[in-house]
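**Q** Right, I'll just put the structure down here and ask away after.
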Amino acid sequence: EWMYNIQDWCISRQLWWGHRIPAWYDEAGNVYVGDSEAAVRAENGIADDVVLTQDEDVLDTWFSSALWPFSTLGWPERTDRLETFYPTSVLVTGFDIIFFWVARMIMMGLKFMGDVPFRDIYITGLVRDAHGQKMSKSKGNILDPIDLIDGIDLEPLVEKMTRGLMQPQMAPAIEKRTREDFPEGIRAYGTDALRFTFAALATQGRDVSFDVGRISGYRNFCNKLWNAARFVLGNAEGQPVDPRPDHRSTFDRWILDRLDQTTEAVTANMAAYRFDLVAQALYEFTWNEYCDWYLELTKPVMYGDSEPEQRATRYVLLTVLERVLRLMHPIMPFITEDIWQRVAPLLGIDGSTVCREPFPVIDASLRDDDARGDTAWFKQVLLGIRQIRGEMDIPPTKPLAVVLEAGDAGDRDRVERFGATLADLGRLESLRWLEDGDEAPESAMALADTLKLHVPLAGLIDPAEEIARLEKERSRREGERGRAQAKLGNEGFVSRAPEAVVDKERAKLAEAEAAIVEIDRQIEKLKKL
């Protein structure tokens, strides 16, 4: 709109500093423009005794900035750099200087280069602090990225926050808030965690509320990736691998399928500048599917005695990790480079650095609907068994007997194929079907679609002891419910408290009531044992 509905631009500023306007006036009011006064006299034949006065104004800051896309590349000479990098692909800028800078770079580019200086403009949000306040020196709430990367103790942080304030009288309040927000200073989070945080926060909104707690979560993500790499390298270094698909397990095929889906999501969102969705796709795949599920699903193979399956799984472990490192490298360059240097040689990749490797491409041959369906079923059944353990407080080391009921032919086929792995990862002492005509035992039960999972509790727990524990927990939850009901029943609280605070109390009440219902259900079940 600014470019089509273009307005006049006053290119001068009344300042004492800056690039002084190269215009000279004679006593008759004529204007001469040149590189210098001497050049103006020579070019226009003005004698030395004629008085010339240079314009007292300086060029607008944005005038010089508008020349930036080409003045930095050797212009007005036609340098190789200018030919190579003008126009560029994308400009990254804040929304608050679109008219000051972006539009004016376009004007200058069209005027002096005959082409716009960039094709896309990526507009970032405004970073605010955890309280939603705009970061500014006067408020003393600016966080130095170096302090987030390397860490800083409390006293140096307070000194930095209160130094050189435009309003010195604000120092006591800024010091108080700094001590409240960062009572132990700021821990070191590292560059990669900070970069990933900003990628994850890069939504299409105009504001970004920045909370140090988010960096902590992504620092844990870095640790998760590092520990996954240690597991993979510990099982693969010095060991043979087999790239052929012949001996790949269902779970090998599943993780390759999910890897390709992730590659597609990352590629599409990178092209659309949705870095938040890029970060989300990488996080979900790496943490939840590769680290939490696939690494665990490989353990029965890696600790088993089938060498062909081990070779195939080692190859998949390495291949997926290597591709994830390439997908993640633009956001997290340091940890990915470090790990890649050890992973790549095991796959026969002799590149010097991950940043020179090609970005992963979509490979439809890796898609596998059957493996996806089988793995979804397996995860649902295993989670059902673990849900029973958690609800009934059964120690993870205690072997369980599981009785299966209902389901269909597909369930029976999958139990046949994956029963041994279920027994291994679920710590089962037995896994059997309920025979026709038999009654289901008194048990804890979970559902995987129509398949019923029974875990007979006799001998696993002491019913009286467990009921006593649950009743104690019920009493605690009743206290939470009572406190929430009292607050919400107070008209003054509901009418005066911020909406977010009231909603928080409503959520507490709902959570307490749901917990009480579940506890009562478990107590009734235990009374039947």
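**Q** May I ask which residue of GLN204, TRP226, ILE215 lies farthest towards the positive end of the charge dipole of segment 131-270, with charges of +1 (Lys, Arg) and -1 (Asp, Glu) on Cβ and the Cα centre as origin?
**A** The residue sitting most towards the positive pole is GLN204.
**Q** In terms of Cα to Cα distance under 17 Å, which aspartates and glutamates are near enough to LYS160, apart from those fewer than 8 places away along the same chain?
**A** List returned: ASP129, ASP144, ASP147, ASP150, GLU175, GLU180, ASP181, GLU184.
**Q** Positive end of the charge dipole of segment 410-529 (Lys, Arg +1 and Asp, Glu -1 on Cβ, about the Cα centre): tell me which of ALA464, VAL494, ALA448 has its Cα farthest that way.
**A** Toward the positive end, the furthest listed residue is VAL494.
**Q** Follow-up question, since we're still on this one. If you filter segment 1-54 for GluC sites (Glu not before Pro), then keep DSSP loop positions with at most 11 other Cβ within 10 Å, what is left?
**A** Passing both the DSSP loop test and the Cβ count: GLU1, GLU27.
**Q** Tally the DSSP beta bridges in segment 382-529 and give the antiparallel ones as a percent, rounded to 5.
**A** For segment 382-529, the DSSP antiparallel bridge percentage is about 65.
**Q** Assign unit charges at the C-beta atoms only (+1 for Lys and Arg, -1 for Asp and Glu), then state the dipole size of the chain relative to its Cα centre in Debye, rounded to the nearest 20.
**A** So the magnitude is around 1120 debye.
**Q** Within the accessible area of segment 1-149, what % is carbon and sulfur when the probe is 1.4 Å and the other protein chains stay in place?
**A** 56
**Q** Kindly identify segment 177-241 as rounded, prolate or oblate by the Cα gyration tensor criterion: order the square roots of the eigenvalues as a ≥ b ≥ c, call it rounded if a/c is under 1.5, otherwise compare a/b with b/c, prolate if a/b is larger, else oblate.
**A** oblate
**Q** In whole percent, and with a 1.4 Å probe on the protein chains, what portion of the accessible area of segment 393-521 is carbon and sulfur?
**A** The computed percentage sits at 49.
**Q** Further, regarding this structure: Accessible area per residue, 1.4 Å probe, Å², for the chain: what's the number?
**A** Accessible area per residue: 55 Å².
**Q** Which whole-number percentage describes the relative contact order of the chain, with Cα contacts under 8 Å and a sequence gap of 6 or more?
**A** Reported relative contact order: 9 percent.
**Q** Determine the dipole magnitude for segment 467-529: charges of +1 sit on the beta-carbon of Lys and Arg, -1 on that of Asp and Glu, nothing else is charged, the reference point is the Cα centre, and the result goes in debye to the nearest 20.
**A** 300
**Q** Among the listed pairs LYS472/LYS508; LYS452/LYS472; LYS224/LYS452; LYS139/LYS176; LYS139/LYS504; LYS472/LYS525, give every one whose C-alpha distance is greater than 22 Å.
**A** LYS452/LYS472; LYS224/LYS452; LYS139/LYS504
**Q** Counting only protein heavy atoms and a 1.4 Å probe, tell me what percentage of segment 263-338's accessible area is made up of carbon and sulfur.
**A** The C+S portion of the solvent-accessible surface of segment 263-338 is 52 percent.
**Q** Here's a follow-up. Taking only the alpha-carbon atoms of segment 339-459, what semi-axes of the equivalent ellipsoid follow from 5 times the gyration tensor eigenvalues under a square root, in whole Å, largest first?
**A** 41, 18, 11
**Q** In terms of modelled amide H atoms, which long-range or inter-chain residues lie less than 5 Å from the amide H of MET135?
**A** ASP129
**Q** Under a 1.4 angstrom probe, counting protein chains only, how are LYS111, LYS299, LYS176 ranked by accessible area, largest first?
**A** Correct descending sequence by accessible area is LYS111, LYS176, LYS299.
**Q** May I ask what percent, to the nearest 5, of DSSP beta bridges between residues of the chain are antiparallel?
**A** Here the antiparallel bridges make up roughly 55 percent for the chain.
**Q** Assign unit charges at the C-beta atoms only (+1 for Lys and Arg, -1 for Asp and Glu), then state the dipole size of segment 36-147 relative to its Cα centre in Debye, rounded to the nearest 20.
**A** Dipole size: approximately 680 debye.
**Q** If one computes P(r) from the Cα atoms of the chain, what percent of pairs lie at distances over 30 Å?
**A** 70
**Q** Could you work out the pair-distance distribution P(r) of segment 446-493 from its alpha-carbon pairs, with 10 angstrom bin width and percents rounded to whole numbers?
**A** Taking every Cα pair in segment 446-493, the percentages come to 20, 22, 26, 20, 11, 1.
**Q** Something else about it: Please compute the Cα-Cα pair-distance distribution of segment 1-156 with 5 Å bins starting at 0, giving whole percents from short to long.
**A** Taking all Cα pairs of segment 1-156, the binned fractions are 1, 7, 11, 13, 12, 14, 13, 10, 7, 5, 3, 2, 1, 0 percent.
**Q** Residues with amide H under 5 Å of LEU431's amide H, sequence separation 5 or more or different chain, H placed in the peptide plane at 1.01 Å from N; which?
**A** Under 5 Å from the amide H of LEU431: VAL402.
The values are calculated or read from the model by the stated rules, or taken from the named source; none is laboratory data. Computed from a prediction, not measured in an experiment: that's the story for all the values here. We place every Cβ from the backbone using ideal geometry, glycine too, and count neighbours over all the protein chains shown. Areas reflect the complete protein model, heavy atoms only, side chains present, ligands, DNA and RNA absent. Shrake-Rupley method; radii C 1.70, N 1.55, O 1.52, S 1.80 Å.
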